[in-house]
Amino acid sequence: MSQIKLAIYAILLELGAWAQMLETGRQSDLAFLGFMLTHSAASALLASLALLLVPWDFARPRAAVWLLFFALSACIPVLGFVGIGVGLIALPLMPGLRVKRHFNEVALPALDPHERRDATAFRQAGLRQFLNNDRAPVDQRLKALVALQNAPAQFSSPVLRDLLGDSSEDLRLLAYGMLETREKKLNAQIQTARAEYLAAAEDIAVRQRAAQQLSTLYWELVYQGLVQGDLRRHAAGEALRYLEEALSEAADAGLHLRHGHLLHELKRADEAEAAYRRAAELGIPPPRVVPYLAELAFERHDYREVIRLLGGLRDFRSVARLEPLLRFWGAA
């Protein structure tokens, strides 16, 4: 039954109840009984109409709300019926109920997201969600995982590590093999660089270049997320040890920036801040240094300093990676 029909029937029954009462006689018990039955039916229809029109959040529990409307209309003749009717008419005009919706509901596309004409064409956007989707076909996920080997290591390594706990054994084995291959490759390069480092005991320049290469390789283990826990701390410590030897005679801004990263990784905040500031003095652009200084300030809970540091990057809002960060802290 539509809302309009409910309203019409409720009004007609209410008018009929009063007409029956007036026509039969006010002092007649039969007239009163007929009035109450018809009036109760009209109140029931009005309560049902009110339950349909009141927003869901304001009409729970529904049985109790329906009973409340029915009682108001049935027990308060005329005023209760008219009051509920006026309230229902004024309901859409109430400002608290006219809340703007920030999101609209859209229908799901008819196209199956797992069906592709070119099954080998995968992009980084959404790839992580696709690989973690257990409902996607395993063969499609395997192809996506193979395509992941061409993605940057800092993006792909965390995804591969997530897949080590996947329900599909094929995906687990492939992810483990890809991570192990990368780690073995870097470890082999580390062994070669260490041999060069030890062989150059007398040549300071060659030894420093080898130390710098060793630092870079150890840092790659950390940066690519190939080592975790104690191995990560050990790799960071080795990278720092060799880097400090390479820095003894070099004034390279990039090396000082990495110096800050390693000190930051090892929780040596004060030294990391000094290294970042030294990198900035040597010419590293502010967008590459200031966010790390702001991160150190954030870890110290110095939020005023975070706002101050990021406020100096307003001229770099066009940098895609910085824009969300600057927008958030600009409103803080």
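The values are calculated or read from the model by the stated rules, or taken from the named source; none is laboratory data. Predicted, not measured: the structure shown is a model, and the values here were computed from it. Here the Cβ positions follow ideal geometry from the backbone for every residue, glycine too, while neighbour counts run over all protein chains shown. Please note that ligands, DNA and RNA were not included when accessible areas were found on the heavy atoms of the full protein model with its side chains. Shrake-Rupley method; radii C 1.70, N 1.55, O 1.52, S 1.80 Å.
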Exercise for review: Considering only the stretch 292-332, state which residues are open to solvent by 50 Å² or more (accessible area, probe 1.4 Å) and among the β-branched types (Val, Ile, Thr).
Suggested key: 307, 319
Practice item. Inspect all residues belonging to the stretch 282-291 and state whether any of them is free of Cβ contacts under 8 Å to residues at least 24 places away in the same chain, farther than 25 Å from residue 234 by Cβ, surrounded by 16 or more Cβ atoms within 10 Å (Cβ to Cβ) and within 30 Å of the chain's Cα centre (by Cα). Key: yes
Check your understanding: So which of 252, 270 is more than 28 Å from residue 156 (Cβ to Cβ) and within 35 Å of the chain's Cα centre (by Cα)?
Key -> 270
Check your understanding: Which of (1) open to solvent by 60 Å² or more (accessible area, probe 1.4 Å); (2) closer than 30 Å to residue 214 by Cβ; (3) among the aliphatic types (A, V, I, L, M) is the odd one out, the single condition residue 159 does not satisfy?
Key -> (1)
Check your understanding: Do any residues in the stretch 202-225 that are in contact (Cβ under 8 Å) with a residue 12 or more places away in the chain and closer than 10 Å to residue 242 by Cα have Cβ atoms under 6 Å from those of residues that are open to solvent by 40 Å² or more (accessible area, probe 1.4 Å) and assigned to a helix (DSSP H, G or I), where the two are at least six apart or on different chains, and which pairs are they?
Key -> 210/196; 211/245
Review point. Considering only residues of the stretch 163-176 that are over 19 Å from residue 152 (Cβ atoms) and in a helix (DSSP H, G or I), which is least open to solvent (accessible area, probe 1.4 Å)?
Key: 171
Check your understanding: Within the stretch 226-258, how many residues are open to solvent by less than 50 Å² (accessible area, probe 1.4 Å) and without any contact (Cβ under 8 Å) to a residue 12 or more places away in the chain?
Key -> 1
Check your understanding: If we scan the stretch 265-276, do we find a residue that is at pLDDT below 90 and either within 29 Å of residue 204 (Cα to Cα) or open to solvent by less than 60 Å² (accessible area, probe 1.4 Å) (or both)?
Key -> no
Review point. Would you pick out the residues in the stretch 58-98 that are at pLDDT below 70, open to solvent by less than 100 Å² (accessible area, probe 1.4 Å) and not in a helix (DSSP H, G or I)?
Key: 59, 94
Practice item. With respect to residue 121, determine if the residue is out of contact with any strand residue (DSSP E or B) (no Cβ under 9 Å at 6 or more places or on another chain), open to solvent by 40 Å² or more (accessible area, probe 1.4 Å), at negative phi and at pLDDT below 70. Key: yes
